[in-house]
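S.K.: Before anything else, here's the structure in question.
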Amino acid sequence: MSTADRLTSIEICAGAGGQAVGLHAAKFRHLALVEIDRHAAATLALNVRENPAWKWEREHCVIINRDVNTFKPLEEVPNPSRKGKKGNSGKHGEEGDFLKPGELDLLAGGVPCPPFSAAGKQLGRDDERDLFPKMLDLVDQLRPRAVMIENVRGLVEPEPKFRYYRNHIKNRLRKSGYVICGWNVLEAQDFGVPQLRPRAILVAIRKDQYRGFDWPVPRKKITTVAQALEESMARRLGGKDSPLFKQWWDKASLGTVAPTLVGGSKKHGGADLGPTRAKKAWNALGVNGMGVANDEDKTIDRDRDLGSLAQERGPMLTVEQAAIIQGFPKDWRFEGKKTAQYRQVGNAFPPLVAEAVGRAIAEALQRTGELREDPDPEFEPEEDPSLTAVQESFPPS
């Protein structure tokens, strides 16, 4: 359904829009964004409704706020090229208006990371939150030209941990007619994000569309926390000549990128900047990681939010500044109260990384010429032979 300047996408587990923002910057236009969290879904709806750059989505994109397991794209997502025209039945608004298999350019999703996160129990496929099976079912239903799946580094590194589950996922895609372009760990700091945030990215392209794929090349220079926050910190702390700003700048300018922002979950308390090690790293950058500051126009306790010269305690980050650390554009707004907003930001996929991968996918899909052979077509073992050996040594009685 692509045109010369527009490729279409559907994204599941869209969160507050980190991946959607990046893919939008890479010239993809979203037909549907699916997200279960009501605050994040409200954020998506707000920006689609009011952000001038999202005018196309305002007319064509559906925001679906519910469990992705109930999502039925071929019954819920209109095809803009047929929207308002007569369907197969000869009536408006019936089955002829909706997407059909093979019409979508990209299916993307940041499926939940807890099953593979180093901070969790790493249950993998045994975790009820694992949505890879649903993602693969959607691939079979939609038959998109390309697939992009994002997750935490723990799914790929250390390599042996989830090897056989990764093989299962890749084999499913191969059986569905896709070329595996790679499952790479990309560092957010290599793409302009002032943060340590490695993400595991899987890209696959349908065989009848495959003319090669090149992963994005890292930038030569990183963006530091001091560079990213200089403007907003100067505004919050009274200008670049103020003692509070100078105290922050003296620390921040000695550092480079931030530790990984942690969004946390509803099971835990209020927002802060992560575990003890992360808080120490933030302190070295002149930031108090024990909480999140109120918005600039809602500051009540200035000593808490802006820091203290006497105690040499730096300011807390606002949600806006946390979004800067994630690489969100300044005009992206978040719904909900402070903690809900921060969790949306902290759990996001950095837009600049999504944009880099999205541009690589777009370039691959727009190539012309002869199709290429699958460079890695062989199916891989899905069962750990060491476990099979143990089972065989203890036959059932």
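S.K.: Is there any pair with a first residue in segment 180-191 that is free of Cβ contacts under 8 Å to residues at least 60 places away in the same chain and surrounded by fewer than 22 Cβ atoms within 10 Å (Cβ to Cβ) and a second that is β-branched (Val, Ile, Thr) and in a strand (DSSP E or B) whose Cβ atoms are under 7 Å apart and which are 6 or more apart or on different chains, and what are they?
M.R.: Gly182/Val203; Asn184/Ile201
S.K.: Please state which one of Ala14, Ala41 is of a type in the set (Gly, Ala, Ser), at negative phi and part of a loop (DSSP other than H, G, I, E, B). Lay out the reasoning, then the answer.
M.R.: Working: Ala41 fails: part of a loop (DSSP other than H, G, I, E, B).
When all the criteria are applied, what remains is Ala14.
S.K.: Within segment 273-305, how many residues are of a type outside the set (Val, Ile, Thr) and free of Cβ contacts under 8 Å to residues at least 12 places away in the same chain?
M.R.: First, pick out the residues of segment 273-305 that are of a type outside the set (Val, Ile, Thr): 273-275, 277-286, 288-291, 293-298, 301-305.
Filter again for free of Cβ contacts under 8 Å to residues at least 12 places away in the same chain, leaving 279-280, 297-298, 301-303.
Final tally of qualifying residues: 7.
S.K.: Output the number of the condition that Gly286 fails; it satisfies all remaining conditions of (1) surrounded by fewer than 23 Cβ atoms within 10 Å (Cβ to Cβ); (2) part of a loop (DSSP other than H, G, I, E, B).
M.R.: Every listed condition holds for Gly286 apart from (1).
S.K.: Also, I was wondering about something else. Here are some residues: Glu382, Glu373. Which one is without any contact (Cβ under 8 Å) to a residue 12 or more places away in the chain and part of a loop (DSSP other than H, G, I, E, B)?
M.R.: Values: Glu382 fails: without any contact (Cβ under 8 Å) to a residue 12 or more places away in the chain.
Every option except Glu373 fails the conditions.
S.K.: Here's something else I'd like to know. Out of Ala42, Ala14, report the one residue that is within 14 Å of the chain's Cα centre (by Cα) and in contact (Cβ under 8 Å) with a residue 60 or more places away in the chain. Talk me through it step by step, then tell me what you get.
M.R.: Details: Ala42 fails: within 14 Å of the chain's Cα centre (by Cα).
Unique residue meeting the criteria: Ala14.
S.K.: Against the condition surrounded by fewer than 15 Cβ atoms within 10 Å (Cβ to Cβ), β-branched (Val, Ile, Thr) and touching a helix residue (DSSP H, G or I) at 6+ places or on another chain (Cβ under 9 Å), how does Val217 come out, does it pass?
M.R.: Working: surrounded by fewer than 15 Cβ atoms within 10 Å (Cβ to Cβ): yes; β-branched (Val, Ile, Thr): yes; touching a helix residue (DSSP H, G or I) at 6+ places or on another chain (Cβ under 9 Å): yes.
The answer is yes for Val217.
S.K.: Restricting to segment 220-241, name every residue that is of a type outside the set (A, V, I, L, M, F, W, C) and buried (at least 16 other Cβ atoms within 10 Å of the Cβ). Steps first, please.
M.R.: Filtering segment 220-241 for residues of a type outside the set (A, V, I, L, M, F, W, C) gives 220-221, 223-224, 227, 230-232, 235-236, 238-241.
Selection gives Thr223, Thr224, Glu230, Ser232, Arg236.
S.K.: Restricting the search to segment 1-52, which residues are at pLDDT below 95 and not basic (Lys, Arg)? Full working, then the answer.
M.R.: Quick first cut of segment 1-52, residues at pLDDT below 95 only: 1-6.
Of everything in segment 1-52, those that are at pLDDT below 95 and not basic (Lys, Arg) turn out to be Met1, Ser2, Thr3, Ala4, Asp5.
S.K.: Same structure, new question: Looking at segment 71-115, which of its residues are farther than 16 Å from Thr8 by Cβ, touching a strand residue (DSSP E or B) at 6+ places or on another chain (Cβ under 9 Å) and either modelled with pLDDT of 95 or more or outside any loop (DSSP other than H, G, I, E, B) (or both)?
M.R.: Phe71, Glu75, listed by residue number.
S.K.: Between Arg359, Arg333, which is closer than 24 Å to Glu35 by Cα, at pLDDT 95 or above, not in a helix (DSSP H, G or I) and not small (Gly, Ala, Ser)?
M.R.: The unique qualifying residue is Arg333.
S.K.: Test Arg359 against the stated conditions and say whether it is more than 29 Å from Gln209 (Cβ to Cβ), among the charged types (D, E, K, R) and either out of contact with any Cys (no Cβ under 7 Å at 6 or more places or on another chain) or surrounded by 23 or more Cβ atoms within 10 Å (Cβ to Cβ) (or both).
M.R.: no
S.K.: Can you pull out every residue in segment 227-250 that is of a type in the set (A, V, I, L, M, F, W, C), part of a helix (DSSP H, G or I) and more than 24 Å from the chain's Cα centre (by Cα)? Even if it seems obvious, please write down each step before you answer.
M.R.: Of all residues in segment 227-250, those of a type in the set (A, V, I, L, M, F, W, C) come to 228-229, 233-234, 237, 244-245, 248-249.
Going one step further and asking which of them are part of a helix (DSSP H, G or I), we end up with 228-229, 233-234, 244-245, 248-249.
Selection gives Met233, Ala234, Leu244, Phe245, Trp248, Trp249.
The values are calculated or read from the model by the stated rules, or taken from the named source; none is laboratory data. All figures in this text were calculated on a predicted structure; none of them were measured in a lab. Virtual Cβ from ideal backbone geometry, glycine too; neighbours counted across all protein chains shown.
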